[in-house]
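Chemist: Attaching a single structure in structure tokens format; questions to follow.
The values are calculated or read from the model by the stated rules, or taken from the named source; none is laboratory data. Since this is a predicted model, take the numbers as computed values, not measurements. Ideal geometry is used to build each Cβ from the backbone, glycine not excepted, and the neighbour counts take in all protein chains shown.
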Amino acid sequence: MSCRSFLERRARLVVLIGGWIASAATAVAAPSAVLPFATHTWGELARSSWRPLAVVFSTTDCTHCPAVIASLADAIRKSRSRVRLLVVVMDGAGQEEALRADRHYRQAAGLYAFDGDAMALRYQVNPAWRGLTPYVALIPATGEAAFHTGAPPAAALQSFLRP
């Protein structure tokens, strides 16, 4: 047995084990359930002890939403802040299994689906919101939420993620 083949096998084993660990960590972090987003949910989140929160409102057919979710998840991870990322799928009711399986939503700490009249639920979140997605709410540890249609501007996100 040559030294090189021994090292190559060990390197492959390390890569394989690393891949298993990474996939297990992703599975653990992924939301295990899709929670209902009802008329009282926004108020509970806004007053939650989980704050600060970044909440992305999405739809299953939104082409820009996956990139916004991924960029927010990446920014939160890199900042090492205690911000939690939540995703609310406006048209996700009845599609819970598909939502849990979708890789884009696995980056969220919590996953919700609208449960009720969409217009009334949007109004509860922000009366000025007209339903465009992605719609991002940055809820700081103290103070009022800031709303953004699309990805939040870099300066706003950086200020929000600052410890």
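Chemist: Could you tell me which numbered condition Ala154 fails, if it satisfies all but one of (1) loosely packed, with under 14 Cβ neighbours inside 10 Å; (2) free of Cβ contacts under 8 Å to residues at least 60 places away in the same chain; (3) closer than 20 Å to Trp50 by Cα; (4) not acidic (Asp, Glu)?
Modeler: Ala154 satisfies every listed condition except (3).
Chemist: May I ask you to list the residues in region 82-116 that are surrounded by fewer than 16 Cβ atoms within 10 Å (Cβ to Cβ) and within 16 Å of Leu138 (Cβ to Cβ)?
Modeler: Result: Arg82, single match.
Chemist: Hey, another quick one. With the condition kept exactly as written, say whether any residue in region 52-72 is more than 16 Å from Tyr135 (Cβ to Cβ) and among the acidic types (Asp, Glu).
Modeler: No; the residues of region 52-72 include none that is more than 16 Å from Tyr135 (Cβ to Cβ) and among the acidic types (Asp, Glu).
Chemist: Could you say whether any residue in region 123-136 is exposed (fewer than 14 other Cβ atoms within 10 Å of the Cβ) and at positive phi?
Modeler: Yes: region 123-136 contains one or more residues that are exposed (fewer than 14 other Cβ atoms within 10 Å of the Cβ) and at positive phi.
Chemist: While we're looking at this one, here's another question. Confirm whether Val55 is touching a helix residue (DSSP H, G or I) at 6+ places or on another chain (Cβ under 8 Å) and either modelled with pLDDT of 90 or more or not in a loop (DSSP other than H, G, I, E, B) (or both).
Modeler: Yes; evaluated as a whole, the condition is true for this residue.
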